[in-house]
Amino acid sequence: MFTILPGILVALLYLGVSQGAMPSATKSKYETYLKEFDNQRGQNPGNAQFEANKKGAILFMKSKFEAAGLTVHLQNFSSTDTNNGKAVNGTNLIAVLPGQAYKTAQDEVVVLAAHVDTYGTGAGGVNNDGTGLVGLLAIAEDLAGSKKCTLKNSIIFAAFDLSETGGSYTFCNRSCGSVEFLKNKATYIGSGKIKLAMVMDCIGSFDKSDKSQVFSQSMEKNFHNIVLEEALTDYWGDFLAITGRSDDGVYLQEFERFYKANKVQHDFRVLAFQWNIKGVPTSQNRSNLISGFKGGDHMSFWDADINTILLTDTCYNRGYMKDTCKDDKTCDTISKLSATRYEFMYSAVYSAMRVTKNLTCTGACAMCSPYADCKNNTCICRTGFTGNGVTCTAIPCASCSPYAVCQNDVCVCKAGYTGDGNTCKKVNSGSSLASPHQLLISTFVLLSLVVLLSNAFLYKTV
């Protein structure tokens, strides 16, 4: 007999589960590291300051990777695959955390990537892509330190140069740094095979204001239903976008699963944009892909037919990054990152780390539930969950706000407060309007109650 549980389950799936506050030490680290990327690093021939900023960023990362115990390579390259045929020079940073199968045919390597250059000749470089670079450092330090496990498969941390395309100067037709890395990948992984690449490109912008999110015509055409749904909130930029081809679908699902289990705030969302494309994109497919999420290092991996997902806040299509930010050095700066945006960034980075562990660790930690942490090579369910660590089930109402009560195993805010029950805020006496997301959640719960009462009535009549 149907009960209320399916309706409640839908509401829970919509909300996801919060893992709790971002550790204060991690936030301090992010702030400290991001200051190193609060500058312009564009490919502007003759601008000595831009080149010095880029060199400083690479050397900073090199020192941090080495301090964590990783082996670091600087890959210098030159390319004439540019808009005018003139050569451009760049430097990739490749850091290696070797697994037991390092450089053998059995090594199923995970690549985590971001880019070190900034857009054009005027843009700042904190969100694009200082956030991705800090993500690389944070994951490397965790997996080589407090969250390390026995690695079977190796991990590559790549900070690519000359990723950005377009502008009024000599620029690469495709992201040169990642193209050059893939040409010479055997130098870093030997006979190993890249199982998955995750590219973090702009992951720090979160904006719940109306019309803060823009979708291109390509997105409206290829993901029509998703874009229509976003109209319910008048296009808030409150989600992490993850995208991949049909071939990458299983990894989109895996990341989404871990993100929903580990995001810091309940209202952080993840939207998966899976393109109906298999194998190497055709020229027409490339046009759609670039129109949708712009170009980037993920395209280089798809061109090599390597499983890859892009993690992004959509960069110049959201909030303060829109409009003139590509040409304004005062726009993409560390001052724009609020506490909520740090937590949004952390949610993406932590989830990427968990997916990486799931694909590279051996032993017990390779089997941990998304709702468990690995401690002393043992999976342990997080607070609010019960189980053996491999399987963890939510304890009803364990995460209720102090301003909520538990009703039928569901957290419900007390009178005078509003929210999803896990988070409750005092109602502003001047306004009683609920957000579209709150209305949607309330609708799920109300429908479930209606179904329960209906079934109870039918049961009695039978």
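The values are calculated or read from the model by the stated rules, or taken from the named source; none is laboratory data. Fair warning: this is a prediction, and the values are worked out from it, not measured in the lab. Cβ placement follows ideal geometry from the backbone for every residue including glycine, while neighbour counts extend to all protein chains displayed.
One table, with the values for the structure above:
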read-out: Criterion violated by Q274 - all others in (1) in a strand (DSSP E or B); (2) within 21 Å of G132 (Cβ to Cβ) satisfied; value: (2)
read-out: Close pairs (6 angstrom Cβ cut-off, 6 or more residues apart or separate chains): more than 16 Å from W275 (Cα to Cα) in segment 229-251, among the β-branched types (V, I, T) anywhere; value: L240/V270
read-out: Within segment 49-103, tally of residues that are among the charged types (D, E, K, R) and touching a Gly at 6+ places or on another chain (Cβ under 6 Å); value: 1
read-out: Of all residues in segment 161-182 being under 24 Å from the mean Cα position of the chain (by Cα) and acidic (D, E), the one that is nearest to G85 (Cα to Cα); value: E164
read-out: Residue selected from segment 134-153 under the condition more than 21 Å from the chain's Cα centre (by Cα) and small (G, A, S), by the criterion surrounded by the fewest Cβ atoms within 10 Å (Cβ to Cβ); value: S146
read-out: Test result for S205, in contact (Cβ under 8 Å) with a residue 40 or more places away in the chain, closer than 23 Å to E343 by Cα and surrounded by fewer than 20 Cβ atoms within 10 Å (Cβ to Cβ); value: no
read-out: Single residue of segment 415-426 satisfying the filter (in contact with a strand residue (DSSP E or B) (Cβ under 8 Å, 6 or more places away or on another chain) and surrounded by fewer than 13 Cβ atoms within 10 Å (Cβ to Cβ)) that is farthest from D267 (Cα to Cα); value: G416
read-out: Answer residue from segment 344-385, given it is among the hydroxyl-bearing types (S, T, Y) and at pLDDT below 95 and is surrounded by the fewest Cβ atoms within 10 Å (Cβ to Cβ) among those; value: T383
read-out: Qualifying residue in segment 25-46 (condition: in contact with a strand residue (DSSP E or B) (Cβ under 6 Å, 6 or more places away or on another chain), assigned to a loop (DSSP other than H, G, I, E, B) and exposed (fewer than 13 other Cβ atoms within 10 Å of the Cβ)); value: no
read-out: Given (1) in contact (Cβ under 8 Å) with a residue 40 or more places away in the chain; (2) within 27 Å of N358 (Cβ to Cβ), index of the condition M219 fails; value: (2)
read-out: V280 being at pLDDT 95 or above, over 16 Å from N317 (Cβ atoms), assigned to a loop (DSSP other than H, G, I, E, B) and outside the structural domain of A372 (by the TED database); value: yes
read-out: Unique residue being over 20 Å from L311 (Cβ atoms) and assigned by the TED database to the domain that holds I203 when the list is K54, K147; value: K54
read-out: A159, sole failed condition from (1) surrounded by fewer than 24 Cβ atoms within 10 Å (Cβ to Cβ); (2) closer than 16 Å to F301 by Cβ; value: (1)
read-out: Every pair of residues 6+ apart whose Cβ atoms lie under 6 Å, when the first sits in segment 395-407 and is surrounded by fewer than 18 Cβ atoms within 10 Å (Cβ to Cβ) while the second is of a type in the set (A, V, I, L, M); value: V405/V412
read-out: Residue within segment 391-406 that is under 20 Å from T360 (Cα atoms) and at pLDDT 90 or above present; value: yes
read-out: Residues satisfying the stated conditions in segment 58-115, i.e. surrounded by fewer than 23 Cβ atoms within 10 Å (Cβ to Cβ), in contact (Cβ under 8 Å) with a residue 60 or more places away in the chain and outside any loop (DSSP other than H, G, I, E, B); value: I58, K64, H73, Q75, F77, S79, T82, V88, G90, T91, V96, E108
read-out: Residue tally, condition in contact with a Gly (Cβ under 9 Å, 6 or more places away or on another chain) and surrounded by 18 or more Cβ atoms within 10 Å (Cβ to Cβ), over segment 216-244; value: 5
